1. What are the pairs, 6+ residues apart or on separate chains, where a residue within the range 71-88 that is farther than 19 Å from G54 by Cβ has its Cβ under 9 Å from a residue that is in a strand (DSSP E or B) and open to solvent by 40 Å² or more (accessible area, probe 1.4 Å)?
2. Identify the single condition in (1) assigned to a strand (DSSP E or B); (2) surrounded by 14 or more Cβ atoms within 10 Å (Cβ to Cβ) that V63 does not satisfy, given that it satisfies every other one.
3. Any idea which of (1) assigned to a loop (DSSP other than H, G, I, E, B); (2) free of Cβ contacts under 8 Å to residues at least 40 places away in the same chain; (3) surrounded by 12 or more Cβ atoms within 10 Å (Cβ to Cβ); (4) of a type outside the set (D, E, K, R) is the one Q1 doesn't satisfy?
4. For the range 13-41, which residues satisfy the criterion of being touching a strand residue (DSSP E or B) at 6+ places or on another chain (Cβ under 7 Å) and polar (S, T, N, Q)?
5. Just to be sure I understand, how many residues within the range 42-60 are in contact with a strand residue (DSSP E or B) (Cβ under 9 Å, 6 or more places away or on another chain) and either assigned to a strand (DSSP E or B) or under 23 Å from A28 (Cα atoms) (or both)?
6. With touching a residue at least 60 places away in the same chain (Cβ under 8 Å) and closer than 20 Å to V12 by Cβ as the only criterion, which of Y94, Y59, Y99 stands out?
7. Pairs only if they're at least six apart or on different chains, beta carbon under 6 angstrom, first in the range 21-40 and over 15 Å from S53 (Cα atoms), second among the hydroxyl-bearing types (S, T, Y); list them, first residue then second.
8. Going through the range 25-41 one residue at a time, which ones are open to solvent by 40 Å² or more (accessible area, probe 1.4 Å) and part of a loop (DSSP other than H, G, I, E, B)?
Amino acid sequence: QVQLVESGGGLVQPGGSLRLSCVASRIAFSLYAWNWYRQAPGKQREFVAIVASGGGTNYADSVKGRFTISRDNAKNTVYLQMNGLKPEDAAVYYCNTNYRGSALWGQGTQVTVDS
């Protein structure tokens, strides 16, 4: 069974930085595109960033220039470097991929942005 495990969330002040990690197991990691999504209380889950199997990236407009997604195929890990965090970035962050036609999700990691 494929497993996705996120980590790296926490409490940070506005303007601060965090790096999230998502480790995938029992999957040919390098063959897949990987996404980060987030969900704030009372809101729908929203797309944050994607890194394609070839390394190309794309971002939601709200995080462009502040967040960077990357991958390490040797470690089966996808990262989300978040700089210049704002209160509106607070959410549970999930990694995701489409595996054999189904969306796979981790358990999420909480990011809180508060002074």
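The values are calculated or read from the model by the stated rules, or taken from the named source; none is laboratory data. Since this is a predicted model, take the numbers as computed values, not measurements. Here Cβ is always computed from backbone atoms with ideal geometry, including for glycine, and neighbour counts include all displayed protein chains. Ligands, DNA and RNA are stripped out before the accessible areas are found, and what is left, the full protein with its side chains, is counted by its heavy atoms. Shrake-Rupley method; radii C 1.70, N 1.55, O 1.52, S 1.80 Å.
1. Q81/R19; Q81/T68; Q81/S70; M82/R19; M82/T68; N83/T68
2. Condition not satisfied by V63: (1).
3. Evaluating Q1 over (1) assigned to a loop (DSSP other than H, G, I, E, B); (2) free of Cβ contacts under 8 Å to residues at least 40 places away in the same chain; (3) surrounded by 12 or more Cβ atoms within 10 Å (Cβ to Cβ); (4) of a type outside the set (D, E, K, R) leaves (3) as the failure.
4. Result: S17, S21, S25, N35, Q39.
5. 13
6. Step by step, each of Y94, Y59, Y99 is checked, and only Y94 is touching a residue at least 60 places away in the same chain (Cβ under 8 Å) and closer than 20 Å to V12 by Cβ.
7. So the pair list comes out as S21/S7; S21/T77; S21/Y79; V23/T77; Y37/Y94; R38/Y93.
8. Selection gives R26, A28, Y32, P41.
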